């Protein structure tokens, strides 16, 4: 059909592709009525004994995987270094937030292991090299510049006419520049060195000055020397501090200025005095290089099939992570599965050997979780790394539409199913993507993050539902009191996201900066989930607008995947799309099932017809433009992707059930006048929703 009839549907006005009347019924009355089984990239159901396809080469996996969205490059922010030289290697910090692992030193631990004084002295042994690397006049001018900087700070006077930086001049030898950076920083911790076009410039280190307002100059020098040394497994301890409020200020300063490089923790020493200890964060990139160079043991990965019942995927991961003592970000999966269902999906966990996962055994089954097919793997999973999902669904309480008096169910059901087999359905995101029935839906949180309102996003996140279970009681308490610590005590352990967020809010406060830290405390995959929910909402609305405006014709300005980049595969690092020309429209070169629509992002191409203009207006109405999909403050990068406008069910079969007789007939058998339930079996491509396919078949809200 061309224009389709409209019916109310969450997040958009639903448009149907077929003109049959449909029928009514209910789904998900019990979890076993809706069974979802993931199909891996080799076409195997994951609840069967599957091959460990993770041992296949990475290149083979990429060729066989249909990705809806290419993995965005991980954004990297340079930590606050004292040396910035484009030719020198930089420390690249892993964005994944991990728990603090610092423990108090034992009574037998030497003072040298806790303090950085020994490191500072070690590097000072090299100070005599400066005379051999620089002219004596330059060395003297540098010393004079350093004295002026110190005098200005000590007297708290304005620098006046004195220059704010000093140049050592061009130094062509890279090794000499590297040595000078190190020597100057160690001899003058209150200075910072920068290289530009082979010229080293020396400036005052404002971080040192600010730190001296909180701790002694000796401690500030030791801390910055500790940072510069970057000695493996080293620690630095500030002097004992009995003032909790002052310690909090020190924690906040170090986190703000150097948080991507180090982490801090307060603990009591052997004399029961509270000490702030600092250590370097573990960096994944350097660990991988070390493993490759030294032949050390690689990370442990264990693959398994997760069975869950009446649970969100992220809730199940939260529960498993708390039982296994790992982070939620150590789990990888190919996609989120329905909550109100029994689902089977492939999953990989890092740092947990197969034996440890098997030992969990029956302890987790009572919580609606099961694990099977446990075996070693060589790498994590990626989103979209599957062929699709298989669905076994029972629709109960069957009846005709209220305005349908001209036929019986035995006529309506086969007609509806055959139509959808032939014409497909609009590839909407299902209501479970947005939190069906919730007071606050996930796309609202995503929009708040995109428009850089982290405080609002936090309050939306903690908006309770209309029930009095412990989780919602805790959420109500938080909104009423803004007491993160008290709310933490009320939440069950498996609410990992909520607890991570609350711990950060307790430490940093409920303001813009504190809530930003809060969102950064939860894994990237969970954080980006809310932003993707907003983008999905926009896609649904765009799909409805596209069909309303142009029907099933392929028109000038529509987008399709180019022949060189079929089905969204990568070509030169990006997906190639083609814009339909006027000549191609006239010749009917393409069909509607080839049309794609973009998911909003900063690197996608929009249609050049009315649909493209609609995207721009719609995003602007929410305060967004395409450039807004880069959020360095929240470490989120949303390049966008493309999604087919139409999809089709595969291997769709059906049969009828008489509930009172528990008897099953097939589509070829005579039908009773009274039909209680309908059993459907089919599979869909990745990121397609069975509830949307059913909505097209039944023509009623699900």
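Just want to confirm a number: the relative contact order over segment 526-644, from Cα pairs under 8 angstrom separated by 6+ residues, in percent.
27
Please work out the C-alpha center-to-center distance from segment 224-276 to segment 470-542 and express it in whole Å.
Going from one Cα centre to the other spans 27 Å.
Using Cα centres only, tell me the gap between segment 391-422 and segment 310-385 in whole Å.
Cα centroid to Cα centroid, the span is 37 Å.
So what is Rg over Rh here for segment 352-418, counting just Cα atoms and using Kirkwood for Rh? Display every interim value, and only then the final one.
Working: Rg = 22.1 Å, Rh = 17.4 Å.
So for segment 352-418, dividing Rg by the Kirkwood Rh gives 1.27.
How far is it, in nm, from the label point at residue 376 to the one at residue 255 when both lie 7 Å from their Cα along the line to the Cβ?
4.0
In whole angstrom, how long is each semi-axis of the equivalent ellipsoid of segment 462-522, when you take the square root of 5 times every eigenvalue of its Cα gyration tensor and sort them from largest down?
Working: eigenvalues 72, 28, 18 Å².
Result for segment 462-522: semi-axes of 19, 12, 9 Å.
What percent does the relative contact order of segment 394-496 come to when contacts are Cα pairs within less than 8 Å and at least six residues apart?
Dividing the mean separation by the residue count of segment 394-496 yields 13 percent.
What is the spin-label model distance, in nm, from residue 576 to residue 465 if the labels are put 7 Å beyond Cα along the C-beta direction?
4.7
Express in nm, to one decimal, how much length is gained between residue 150 and residue 549 on full extension, taking 0.36 nm for each residue of separation and deducting their alpha carbon distance.
This chain segment gains 136.7 nm when fully extended.
When every alpha-carbon pair in segment 407-551 is counted, what percent end up more than 28 Å apart?
35
Modelling each spin label as a point 7 Å along the Cα-to-Cβ direction, I'd like the residue 396/residue 178 distance in nm, to one decimal.
7.0
Between residue 367 and residue 658, what length comes free when the chain is fully extended (0.36 nm per residue of separation minus the Cα-Cα distance, one decimal in nm)? Spell out each step's value before the answer.
Details: separation 291, 0.36 × 291 = 104.76 nm, distance 3.16 nm.
Gain in length upon complete extension: 101.6 nm.
Under a no-solvent Debye model with one identical scatterer per Cα of segment 526-644, what's log10 I(q)/I(0) at q = 0.19 Å⁻¹?
-1.05
Using 0.36 nm per residue of separation minus the Cα-Cα distance, give me the extension gain between residue 42 and residue 408 in nm, one decimal.
127.6 nm
Please give the FRET efficiency for residue 610 paired with residue 203, using the beta carbon to beta carbon distance and R0 = 60 Å, rounded to the nearest 0.05.
0.65
Please express the Cα-Cα pair-distance distribution P(r) of segment 378-479 as a list of whole percents, one per 5 Å bin, running from 0 to the bin with the greatest distance.
Once binned at 5 Å, the Cα pair distances of segment 378-479 give 2, 8, 10, 12, 13, 11, 13, 12, 10, 6, 2, 0.
Relative contact order (percent) for segment 442-491, with alpha-carbon contacts under 8 angstrom and 6 or more residues of separation?
Answer for segment 442-491 is 25 percent.
Rounded, prolate or oblate: pick one for segment 327-367, where a ≥ b ≥ c are the square roots of the eigenvalues of its C-alpha gyration tensor, a/c under 1.5 means rounded, and failing that, prolate if a/b is larger than b/c, else oblate.
Oblate.
Coordinate-derived values only; no laboratory data. Source: prediction; values computed, not measured. Don't worry about glycine lacking a Cβ; one is built from the backbone with ideal geometry, like all the others, and counts go over all protein chains shown.
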